[in-house]
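Below: the structure, in structure tokens.
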Amino acid sequence: MIPLEFTETEFRELLEVMYLADWATNAHRVPDGKPDPYHALQQKILGHAKAAGCGDLVVYSEKEKAFAPSDKLEKTCHGTLDVYDEETFWEELVRRLALRDIEQERGPDALEKMSAEIRSSVISEIEERYQTECERHGLDRLEVVEE
């Protein structure tokens with residue numbers, strides 16, 4: 001056993017970090033019958049919330065016999081998740097469009113044949129163009145062109 005001591009503020013932050021980690025791990029997880037490997041640890045931490053002065057961030061379900069984040073904890077964390085989703089969306093869009101363009105213009109193996117330095121430069125140049133477009137116009141000028 002490793003004894004740890006937390007202030008109430010630190011424990012609240014621990015609950016937030018745990019919620020965010022759980023969301024990143026399980027938000028898109030397809031049920032496969034396998035148990036969540038972190039469930040027992042989460043239950044242990046959530047189970048100490050009330051004693052740590054953080055009972056408002058956790059609820060207990062008699063039916064499930066398990067602790068869960070309260071609506072308050074979820075609302076607190078969703079601001080962070082919304083910012084993450086927004087930034088990730090644009091970064092992924094720009095990256096994938098750049099990689100698509102390189103493959104279309106130079107062939108499917110072009111990037112593999114480049115040195116790391118040249119590959120980075122080529123990708124960055126195209127990403128920069130898309131980044132500027134997205135910053136100026138968002139999705140307004142993005143269209144699907146039917147062939």
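The values are calculated or read from the model by the stated rules, or taken from the named source; none is laboratory data. Computed from a prediction, not measured in an experiment: that's the story for all the values here. Cβ sites come from the backbone with ideal geometry, for glycine too, and all protein chains shown count toward neighbours.
Annotations for the structure displayed:
- Matching residues in region 32-46 - criterion: being in contact with a strand residue (DSSP E or B) (Cβ under 9 Å, 6 or more places away or on another chain) and not in a helix (DSSP H, G or I): none
- Residue satisfying all of: in region 1-31; within 21 Å of the chain's Cα centre (by Cα) and part of a loop (DSSP other than H, G, I, E, B); surrounded by the fewest Cβ atoms within 10 Å (Cβ to Cβ) among these: V30
Yes/no per residue for (1) of a type outside the set (D, E, K, R); (2) at pLDDT below 95:
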{"residue": "R12", "(1), (2)": "no, no"}
{"residue": "G33", "(1), (2)": "yes, yes"}
{"residue": "Q42", "(1), (2)": "yes, no"}
{"residue": "H48", "(1), (2)": "yes, no"}
{"residue": "G55", "(1), (2)": "yes, no"}
{"residue": "E62", "(1), (2)": "no, no"}
{"residue": "A68", "(1), (2)": "yes, no"}
{"residue": "K72", "(1), (2)": "no, no"}
{"residue": "D82", "(1), (2)": "no, no"}
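- Enumeration of residues in region 111-123 that are under 30 Å from the mean Cα position of the chain (by Cα) and surrounded by 10 or more Cβ atoms within 10 Å (Cβ to Cβ): L111, I118, R119, S120, S121, V122, I123
- Looking at R106, R95, just one residue is modelled with pLDDT of 95 or more and either not assigned by TED's automatic domain parsing to the domain that holds E16 or not charged (D, E, K, R) (or both), and that residue is R95.
- Enumeration of residues in region 63-88 that are under 17 Å from the mean Cα position of the chain (by Cα) and of a type in the set (G, A, S): G79
- On the stretch given as region 133-147, residues that are exposed (fewer than 14 other Cβ atoms within 10 Å of the Cβ) and either under 24 Å from the mean Cα position of the chain (by Cα) or of a type in the set (F, W, Y) (or both) total 3.
- Yes/no for V59 being surrounded by 11 or more Cβ atoms within 10 Å (Cβ to Cβ) and among the β-branched types (V, I, T): yes
- Residues that are surrounded by 13 or more Cβ atoms within 10 Å (Cβ to Cβ) and free of Cβ contacts under 8 Å to residues at least 24 places away in the same chain, drawn from region 36-55: Y38, G47, K50
- Restricting attention to region 89-107, the residues that are more than 22 Å from the chain's Cα centre (by Cα) and of a type in the set (K, R) add up to 2.
- Check on A98, hydrophobic (A, V, I, L, M, F, W, C), surrounded by 13 or more Cβ atoms within 10 Å (Cβ to Cβ) and within 16 Å of Q42 (Cα to Cα): no
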